[in-house]
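Enquirer: Handing you a structure now.
The values are calculated or read from the model by the stated rules, or taken from the named source; none is laboratory data. Since the model is a prediction, treat every value here as computed from it, not as a measurement. Please note: Cβ atoms are built from the backbone with ideal geometry, for glycine as well, and neighbour counts cover all protein chains shown.
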Amino acid sequence: MSGWDEGGVYYSDQAQFPPGGGGGDADKSSASRHSILVKFKEFIRSFESEPNVFPYRENLVQNYDTPSKSLLVDIEDLNAFDCQLPSLLRSAPSDYLPLFETAAAEVLSSLKSKVTGETGEIEDPTVAEIQILLTSKEDSVSMRALGAQSVSKLIKISGITIAASRTKAKATYVTLLCRNCKSIKVIPCRPGLGGAIVPRSCDHVPQTAGEEPCPIDPWIVVPDKSKYVDQQTVKLQENPEDVPTGELPRNMLLSVDRQLVQTIVPGTRLTIIGIYSIFQAGNSATSQRGAVAVRQPYIRVVGIEDGSDSNSSGKFVFTADEVEEFKKFASEADCYKNICSKVAPSIYGHEDVKKSVACLLFGGSRKELPDGVKLRGDINILLLGDPSTAKSQFLKFVDKTAPIAIYTSGKGSSAAGLTASVIRDNSSREFYLEGGAMVLADNGVVCIDEFDKMRPEDRVAIHEAMEQQTISIAKAGITTVLNSRTAVLAAANPPSGRYDDLKTAQDNIDLQTTILSRFDLIFIVKDVRLYSQDKLIASHVIKLHSTAEAASDDTRTSKEDNWLKRQSSEPVLVLCTVWWYIQYCKKNCYPRLSESAATVLQNSYIQIRQEMRQQANESGESAAIPITVRQLEAVIRLSEALARMRLSHVATDENVREAIRLFNVSTMDAAKSGINQHINLTPEMASEIKKAETQIKRRMGIGSHISERRLIDELARMGLNDSIVRRALLIMHQREEVEYKRERRVILRKA
């Protein structure tokens, strides 16, 4: 946000430029400004949305007694009334929008006028300025398509707000005082980031022969007698899904004023209608080099739409035929199977992971309790396991497929980059917020690869975002809460690189229980070495490489195109891709548990807790993955996602059983994975382990350290098995008699 113009004062050498951002001469057409004013007034008075319903006239009167002195006008309604008016607004908005506001003020004045009782005259009330806000159903244009041809034209773009400045006072009329003759002059200021054109000389003519003429540049600004409006500058960034691969997202400076001030929070997805204008940055490099013809673009906002339910192509609108096709697809018996088959089709196997990723894309239902507490509906999944098991491929698939998705790597992500940062503006020295990945992916998915490589302090920063789905900021005098209603799909490796079945679950899953409990599903993905499976995987990979198309140089890929093309053998999917089906389900279906399903879930949860309690009592230590109420809520979200796939508003017993099955094959198996040093030990093995412990203590004095490989080799020469030595070391590590150092390559003997 450096280089923001403060609304400077410009002198009369710029008077040749027309007001409103420096565009070319507007085509006034054959109609005079007065006739256009009459048409605007007639539109507000007489436009009917339904018979005898005058929406704009009624809204104008209702807003008269409220702080919001604004009128929201739909351009489509304006086009239905008179097709000339929208074309004039689009071609020369700086000229005709003030005329529209004048018409609204005059109509309101006439509607509020009343006849006095004594004289019988009509008394016109004093009406404040009315701000006209525009809205339209037309598609937004790409930020990269804006150029010189769009200057001074009405445009519509979408993006994410990443920063917002503090509110400032922008002068609309500047009062000038001549320092010589004390005459007063009032001049208008250009809207947006434009300044005022101050004349170089005073108009005063000397009355007497001895009176001195006014000098050049005699004017002094009188701030107390000038008129002001609120103004705020906002930074809008391209939607992540619209940025071509390998390129940085582009930003656009927005200027909002009057009723639109303090309505935009960083991290919000917006679609804005505004006037594409230009200004000269006061501290830009071009102005310092004397390039007077070079200007910086910005957009003066005249309308804001919520973009949370929209994409770069506008809001999701479904035809009656599409809705009918969606319902037909949802009623099919193999609907669930068809959807899961479309998830990462290039990956062989991992059927349960694919089903869980499908649940993540559909999501559960968000809820708000009577006391204001909100319960998340997004599903978080962790994939933990060996290298080359397609973990990152799942993340890449979701990143390319989900309507809103951000892909990041754990090693290259900081706490501020994931949540939000406070940055100081170089020009104004003010602090402002800039949202991170969790904020920019609001209502979407964040894919975090190499989750185990993140620094612990950075991983702690997303605790609140994963459960409460908010990010609280209290930095540099800025205290606020940002929304991060996003699902998290993470991939991680065990500490040793590969999942070791000779180690306990605690050693293989080297993550804090606080972060593990926030994942709804935790999958242990292993590279199983079986001849038959290796043969099938090799055949599948070779087939992919032989049938794949050549890579295109075009880095821009549509989200819809990432789903498999419909085959002629699938007539039910002719009109609806799974991508659009997901959008329809998320927008129109909000399932809840049935009573019988709730009973099944309650009994299953009690049984799972009992099993984990029994396992903890037998082993003498808590489970690596805690089973808490969060896991109960996780199964509820999975059940709702499964019901949403079938466009059902009720999650049935079947949905709950499938959700419990997915939970058992993922999180429960992960909690029970690895060896347990106190169970299934034969007397011979226990004797061997005790002998190995004795030799380890004899070899290592308290406080000494040795390489694990060297220790195992030395004990192997004494006749001890490698697995017995490793198991003895694990048991001693659990008792905190030894400690691993240097990425578990060195062992330290503790007291």
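Enquirer: Find all pairs meeting these conditions: Cβ atoms under 9 angstrom apart; at least six residues apart or on different chains; first residue within the stretch 456-482 and farther than 14 Å from Gly417 by Cα; second residue among the basic types (Lys, Arg) and part of a helix (DSSP H, G or I).
Expert: Glu467/Arg630
Enquirer: Please specify each residue of the stretch 227-270 satisfying the condition of being within 16 Å of the chain's Cα centre (by Cα) and either closer than 19 Å to Gln131 by Cα or of a type in the set (A, V, I, L, M) (or both).
Expert: Leu236, Val243, Ile264, Val265, Leu270
Enquirer: While we're here: Collect the residues in the stretch 353-401 that are under 19 Å from the mean Cα position of the chain (by Cα) and in a loop (DSSP other than H, G, I, E, B), keeping them in residue-number order.
Expert: Gly363, Gly364, Ser365, Arg366, Arg376, Gly377, Asp378, Ile379, Asn380 - these are the residues of the stretch 353-401 that are under 19 Å from the mean Cα position of the chain (by Cα) and in a loop (DSSP other than H, G, I, E, B).
Enquirer: Inspect the stretch 230-247 for any residue being surrounded by fewer than 17 Cβ atoms within 10 Å (Cβ to Cβ), at pLDDT 80 or above and more than 30 Å from Ile406 (Cβ to Cβ) and give the result as yes or no.
Expert: Yes, there is a match, as at least one residue in the stretch 230-247 is surrounded by fewer than 17 Cβ atoms within 10 Å (Cβ to Cβ), at pLDDT 80 or above and more than 30 Å from Ile406 (Cβ to Cβ).
Enquirer: Based on what the data block shows, is Ala128 at pLDDT below 85 and part of a strand (DSSP E or B)?
Expert: No, not satisfied.
Enquirer: Let me ask you something else. Report, ordered by the first and then the second residue, all pairs with beta carbons closer than 7 Å, sequence separation of six or more or different chains, a first member in the stretch 699-724 that is touching a residue at least 40 places away in the same chain (Cβ under 8 Å), and a second member that is surrounded by 13 or more Cβ atoms within 10 Å (Cβ to Cβ) and of a type outside the set (A, V, I, L, M).
Expert: Met700/Arg749; Gly701/Arg749; Ile702/Arg749; Gly703/Arg749; Ser704/Arg749
Enquirer: Report the residue count in the stretch 69-93 for those that are in a loop (DSSP other than H, G, I, E, B) and touching a residue at least 60 places away in the same chain (Cβ under 8 Å).
Expert: Selection size over the stretch 69-93: 2.
Enquirer: Another one. Does Lys225 satisfy being within 27 Å of Arg258 (Cβ to Cβ), surrounded by fewer than 19 Cβ atoms within 10 Å (Cβ to Cβ) and of a type in the set (Lys, Arg)?
Expert: Yes; evaluated as a whole, the condition is true for this residue.
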